[in-house]
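The values are calculated or read from the model by the stated rules, or taken from the named source; none is laboratory data. Small disclaimer: the values here were computed from a predicted structure and weren't measured. Note that we place each Cβ from the backbone using ideal geometry, even for glycine, and neighbour counts take in every protein chain shown. Just the protein is used for accessible areas: all its heavy atoms, side chains included, with ligands, DNA and RNA removed. Shrake-Rupley method; radii C 1.70, N 1.55, O 1.52, S 1.80 Å.
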Amino acid sequence: MKAVTYHQFGSVDVLNYEEVALPALPEDGVLVSQRASSINVVDYRARSGLLAPFVNKKFPKIPGADVAGVVTAVGSKVRGFSVGDAVLGATDPFKGGALAETVAVLAKNLVHLPSKISFTQAAALPIAAVAALESVRDLGGVKAGQNVLIYGASGAVGLYAVQLAKHFGAHVTAVSGAAGVEVLTKLGADVVIDYRKGPIKFARNFDVVIDYSSQFPFNTARAILTAAGRYVDASPNIPKFILSMIGNLFRRQKNLMLATATKAADLETIIDLVQKNVLTITVAKNFPLDQAKQAFTEMERGGTVGKIMVQVG
C-alpha cells in the first residue's frame, strides 16, 4: 500500500510518499481502507520531535491520526463492526498511521459513520472536534450565561470550540486574524477581535479562557479571568503540566492542560451535533495523499481558517 512516511524527526522535508507493508490486524481492532484524513497540530509536533518523550523511536513512522473509511478486516475480539462498515475514529496521535491507504485502528476508538456525513467531512472531526469538546465542556466547564474567551479561534479546533460554547449558552468572544473574522461571525461568536489591529482591550472579564494560539499564556490571562475562572492551555508540555498541577492547589483561578483522548462516546456526541446542525465543518483545503508534504506546509505556515484535509481514496 502507499503511505506517507518519515524515517527521522524533522521538518516537512523528512516526509516521503512510498510503498509500505499493510499494518497487522489487531485482535481488538480493525483494518480500515482510508477515504480521508486531515492534518492536526499534534501530527506536526510528533513528526518534528517536539513530542519525542511520548513517541517511540522506531522508524519509519506514518503520521496522522484522523480515520474515515471502510472496514476491510475485523480482529477476533471485536464485536459491533463488520467488513464494509463506514467508520470514523482516530489512532493514537503519538503513534500515527492514518496517512496511508490502510490503517489499523482499535475498535474502542471507532464509531459507525452515518451516510449523511461524507468521509471528507468526517475526517475533519476526530482529533479537532473532540479536542474542542474536551476544552469547552470538560476542562472549561462552560455553562449558560458565562463569558468565554477563545484565543486562536479561527484554527481547526477553535472554530468547533466557538460553536460548542455557544451551544452551551455562553457569550463568546473570539480572537483571530483578519481572515477568520467573517467565518467566526457566521458561526455565532458574539464578539470577534482581529488581534492584528493592535493591542486588545477587553470590555469584560471571563469565566473561561481557552488558548489555542500559544500566544496568550495563563499569567497574562489571569488579569481578565474572574476570581474562580478557568484557563485552558491547548499546547501543554511536561513542565507546564507539573507547574499547573502544583499551582492549582493554591489558587482559585485554575490553569488546566488539554491532553486530547479520542473516545467513542465523544465521537458519538460530535456526530449527533453535526447531524443536528449545531456544528458546522469548515474545510480550508483538500490535498491528495501524495501531496501530504504540501498539506503539512500549509498547516505549519499558520493563518488557515478551518481544517487541512488529505484525500486518500
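Structure values in brief
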quantity	calculated
In region 208-230, the residues that are open to solvent by 20 Å² or more (accessible area, probe 1.4 Å), among the charged types (D, E, K, R) and not in a helix (DSSP H, G or I)	ARG230
Where ALA98 falls short, out of the listed (1) farther than 30 Å from THR226 by Cα; (2) of a type outside the set (D, E, K, R); (3) within 19 Å of the chain's Cα centre (by Cα); (4) open to solvent by 10 Å² or more (accessible area, probe 1.4 Å)	(4)
Filter result (assigned to a strand (DSSP E or B) and either open to solvent by 50 Å² or more (accessible area, probe 1.4 Å) or over 21 Å from THR260 (Cβ atoms) (or both)) within region 101-133	THR102, LEU106, HIS112
Among (1) open to solvent by 10 Å² or more (accessible area, probe 1.4 Å); (2) under 18 Å from ALA264 (Cα atoms); (3) touching a strand residue (DSSP E or B) at 6+ places or on another chain (Cβ under 6 Å), the one test that ASP92 misses	(3)
Some residue of region 25-38 being open to solvent by 60 Å² or more (accessible area, probe 1.4 Å) and closer than 26 Å to GLY155 by Cα	yes
Index of the failed condition, SER76 passing every other in (1) in contact with an Asp or Glu (Cβ under 8 Å, 6 or more places away or on another chain); (2) surrounded by fewer than 22 Cβ atoms within 10 Å (Cβ to Cβ); (3) modelled with pLDDT under 95	(3)
Filtered residue count, region 144-165, keeping only those that are open to solvent by 10 Å² or more (accessible area, probe 1.4 Å), outside any helix (DSSP H, G or I) and out of contact with any Phe, Trp or Tyr (no Cβ under 6 Å at 6 or more places or on another chain)	4
Pair list, Cβ under 7 Å, 6 or more apart: region 210-226 residue touching a residue at least 60 places away in the same chain (Cβ under 8 Å) and under 15 Å from LEU258 (Cα atoms), other residue of a type in the set (Asp, Glu) and not in a loop (DSSP other than H, G, I, E, B)	ASP211/ASP233
Pair list, Cβ < 9 Å and 6+ apart or interchain, from region 243-254 residues that are part of a strand (DSSP E or B) to residues that are surrounded by 13 or more Cβ atoms within 10 Å (Cβ to Cβ) and of a type in the set (Ser, Thr, Tyr)	LYS254/TYR231; LYS254/SER244
